[in-house]
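*Asks:* Structure incoming, see below.
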Amino acid sequence: MTANRCCLSQRARWAGGEPIANLLMAKTVAHPELISLAAGFVDQQTLPVEPTQTALERMLADPDAARAALQYGTTVGYLPLREAILDRMLEADGCTAGEVNISVDRLVMTAGSNQLLYLVADVLLDPGDIVLCGSPSYYVFLGTMANLGVRPVGVASDQCGLIPEAIEECLARLEADGELGRVKAIYVTTYYDNPTGVTVSAERRAALVELAQRWSHRSKIRVIEDAAYRELRYYGDDVPSLRSFDPGGDTVVFAGTFSKSFSPGIRVGWGILPPDLVAPVLNEKGNIDFGSPNFNQHLMAEVLRSGLFDAHVARLQEGYRRKIDATLDAADTFLGPIEGVRWLRPTGGLYVWIELPEAIETGLASPLFEQALTEGVLYLPGEYCYPDAGRTSPRNMLRLTFGIQSCQSIRQGVEALGRAIRHVIGQG
Ligand SMILES: Cc1ncc(COP(=O)(O)O)c(C=O)c1O
């Protein structure tokens with residue numbers, strides 16, 4: 001829809017056109033016959049109907065407790081849930097609250113982690129400020145930065161995450177240009193990144209915190225750790241959070257969510273904030289919503305307390321393990337033989353990031369995208385995941401999501417993609 005742009009705020013104009021997620025959704029709805037390997041939805045079939053029902057029954061059994069849940073809550077969020085989240089995080093990270101200078105008053109509940117990311121960005125960043133991020137990165141956060149008039153600067157990453165030397169080089173260049181003072185944050189998805197599937201190694205986590213602290217002589221540089229996919233681990237060991245490498249607790253902002261591990265419809269997320277950001281985030285949040293949905297927070301507290309959460313995550317991991325195997329097997333079979341096609345092999349999350357021969361563009365207007373639709377499959381063009389929207393970055397990348405499709409559809413979808421690629425490079 002076109003609005004009269006001249007009557008809109010500067011921020012609305014910065015936000016730009018329609019987000020890619022809406023465009024892909026419209027295509028999926030218009031073509032229900034397509035196998036969508038594009039939208040980052042979680043698996044419909046494993047959404048926790050029974051655990052939610054059980055937790056709700058327990059919650060509603062005590063009328064006083066039920067009424068408390070149905071009332072407004074506080075801006076910071078429901079204390080028993082915040083305590084439970086903190087305990088679980090410390091246990092997963094293998095440290096005590098004292099060792100990493102953390103306490104429950106730093107933990108703020110939000111409506112999904114996107115809200116937390118937005119609030120943190122809004123309290124930290126002025127128009128023209130710079131955030132370093134992976135190239136590629138989570139495209140919704142790129143949109144958040146666009147909304148705020150912030151300049152994302154992409155840095156290179158590999159199979160271990162953001163490359164410290166690349167960050168160092170970038171910071172040195174910005175200092176030489178007199179712009180170091182505008183660098184306020186480094187944004188990184190630490191587990192099974194969206195879109196690359198990469199998990200940042202423990203060594204890199206420590207290096208990122210060290211770099212941010214060492215380069216904070218012009219203005220404080222925070223590391224925003226987005227841990228949306230931590231629980232979706234199918235192979236290998238968990239890695240302590242990047243937050244746990246910040247014993248002082250004043251550098252890292254941690255963003256967590258139950259959207260992937262339980263239900264995005266319940267949409268409960270949280271942040272663990274450096275001490276000086278707690279009041280600004282809560283003040284802003286208070287002005288915006290004076291509290292995220294209280295009922296949903298009580299529900300998640302019950303889900304955690306009763307062990308329903310852990311049992312559900314174990315089921316999810318089993319289901320998604322089959323799907324990631326199906327995706328990688330199909331890629332080996334149908335894409336492997338095509339010269340110049342490569343992909344990373346994630347051990348968790350929902351995404352497989354694929355590189356095509358350089359001459360094959362993947363964008364919405366590209367011959368490949370058209371051909372993929374003809375063959376019956378939808379993917380996410382990689383260019384939407386780059387800080388400069390593909391202007392100088394590669395245009396030959398694409399992201400597949402295996403969350404919503406069955407193993408059989410995944411195989412058919414990847415086979416269809418293989419046919420589309422062969423067609424476009426003239427081997428079809
Ligand atoms: C990397 C990343 N961060 C954060 C989110 C936000 O999830 P929510 O706002 O539902 O917690 C997503 C959702 O897809 C994501 O991929």
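*Asks:* Output the residue which, of all residues in the stretch 364-388 that are in contact (Cβ under 8 Å) with a residue 24 or more places away in the chain and among the hydrophobic types (A, V, I, L, M, F, W, C), is nearest to Cys133 (Cα to Cα).
*Replies:* Checking each candidate, the answer is Cys385.
*Asks:* Looking at (1) open to solvent by 20 Å² or more (accessible area, probe 1.4 Å); (2) more than 27 Å from Lys260 (Cα to Cα); (3) not aliphatic (A, V, I, L, M), which is the one condition that is false for Gly418?
*Replies:* In the conditions (1) open to solvent by 20 Å² or more (accessible area, probe 1.4 Å); (2) more than 27 Å from Lys260 (Cα to Cα); (3) not aliphatic (A, V, I, L, M), Gly418 misses (1) alone.
*Asks:* How many residues are open to solvent by 30 Å² or more (accessible area, probe 1.4 Å) and either of a type in the set (D, E, K, R) or not in a helix (DSSP H, G or I) (or both) when one looks only at the stretch 163-186?
*Replies:* The qualifying residues number 11.
*Asks:* Hey, could you check the stretch 296-332 for residues that are β-branched (Val, Ile, Thr) and in contact with a helix residue (DSSP H, G or I) (Cβ under 8 Å, 6 or more places away or on another chain) and say which is surrounded by the most Cβ atoms within 10 Å (Cβ to Cβ)? Outline the logic, then answer.
*Replies:* Of all residues in the stretch 296-332, those β-branched (Val, Ile, Thr) come to 303, 313, 324, 327.
Then keep just the ones that are in contact with a helix residue (DSSP H, G or I) (Cβ under 8 Å, 6 or more places away or on another chain); that gives 303, 327.
Values: Val303: 29, Thr327: 26.
The residue in question is Val303.
*Asks:* Which of the residues that make up the stretch 355-380 are in contact with a Ser or Thr (Cβ under 9 Å, 6 or more places away or on another chain), surrounded by fewer than 24 Cβ atoms within 10 Å (Cβ to Cβ) and not in a loop (DSSP other than H, G, I, E, B)?
*Replies:* Across the stretch 355-380, the qualifying residues are Leu368, Phe369, Leu378.
*Asks:* Looking at Asn147 and the list (1) at pLDDT 95 or above; (2) open to solvent by 40 Å² or more (accessible area, probe 1.4 Å); (3) touching a Gly at 6+ places or on another chain (Cβ under 9 Å), which single condition is not satisfied?
*Replies:* Answer for Asn147: the failing condition is (1).
*Asks:* Now a separate question. Condition test on Arg243, is it open to solvent by less than 20 Å² (accessible area, probe 1.4 Å), within 16 Å of the ligand (Cβ to nearest atom), of a type in the set (Lys, Arg) and in contact (Cβ under 8 Å) with a residue 24 or more places away in the chain?
*Replies:* So Arg243 fits the description; yes.
*Asks:* Within the stretch 197-214, can you find the residues that are open to solvent by less than 10 Å² (accessible area, probe 1.4 Å) and either of a type in the set (A, V, I, L, M, F, W, C) or farther than 22 Å from Phe245 by Cα (or both)?
*Replies:* Once the filter is applied, which keeps residues that are open to solvent by less than 10 Å² (accessible area, probe 1.4 Å) and either of a type in the set (A, V, I, L, M, F, W, C) or farther than 22 Å from Phe245 by Cα (or both), the stretch 197-214 yields Val200, Leu208, Val209, Leu211, Ala212.
*Asks:* Any idea which of Glu33, Glu91 is among the charged types (D, E, K, R) and either without any contact (Cβ under 8 Å) to a residue 40 or more places away in the chain or touching a Pro at 6+ places or on another chain (Cβ under 9 Å) (or both)?
*Replies:* Residue meeting the stated conditions: Glu91.
*Asks:* Sort out which residues of the stretch 120-140 are within 13 Å of the ligand (Cβ to nearest atom) and crowded, with 21+ Cβ neighbours inside 10 Å, and write them in order of number.
*Replies:* Matches in the stretch 120-140: Val120, Ala121, Cys133, Gly134, Pro136, Ser137, Tyr138, Tyr139.
*Asks:* Let me ask something else about it. Spot the failing condition for Gly17; the list is (1) open to solvent by less than 70 Å² (accessible area, probe 1.4 Å); (2) in a helix (DSSP H, G or I); (3) at pLDDT below 95, and only one is missed.
*Replies:* Single failed check for Gly17: (2).
*Asks:* While we're looking at this one, here's another question. If I filter the stretch 96-119 for residues that are within 14 Å of Ala15 (Cβ to Cβ), within 13 Å of the ligand (Cβ to nearest atom) and at pLDDT below 95, do I get at least one hit?
*Replies:* The answer is no, given that none of the residues of the stretch 96-119 is within 14 Å of Ala15 (Cβ to Cβ), within 13 Å of the ligand (Cβ to nearest atom) and at pLDDT below 95.
*Asks:* Provide a single number: the residues in the stretch 55-73 that are under 29 Å from the mean Cα position of the chain (by Cα) and either surrounded by 16 or more Cβ atoms within 10 Å (Cβ to Cβ) or in a helix (DSSP H, G or I) (or both).
*Replies:* The number of residues fulfilling the criteria is 4.
The values are calculated or read from the model by the stated rules, or taken from the named source; none is laboratory data. Fair warning: this is a prediction, and the values are worked out from it, not measured in the lab. Virtual Cβ from ideal backbone geometry, glycine too; neighbours counted across all protein chains shown. These area figures cover heavy atoms from the full protein model, side chains too; ligands, DNA and RNA do not enter into them. Shrake-Rupley method; radii C 1.70, N 1.55, O 1.52, S 1.80 Å.
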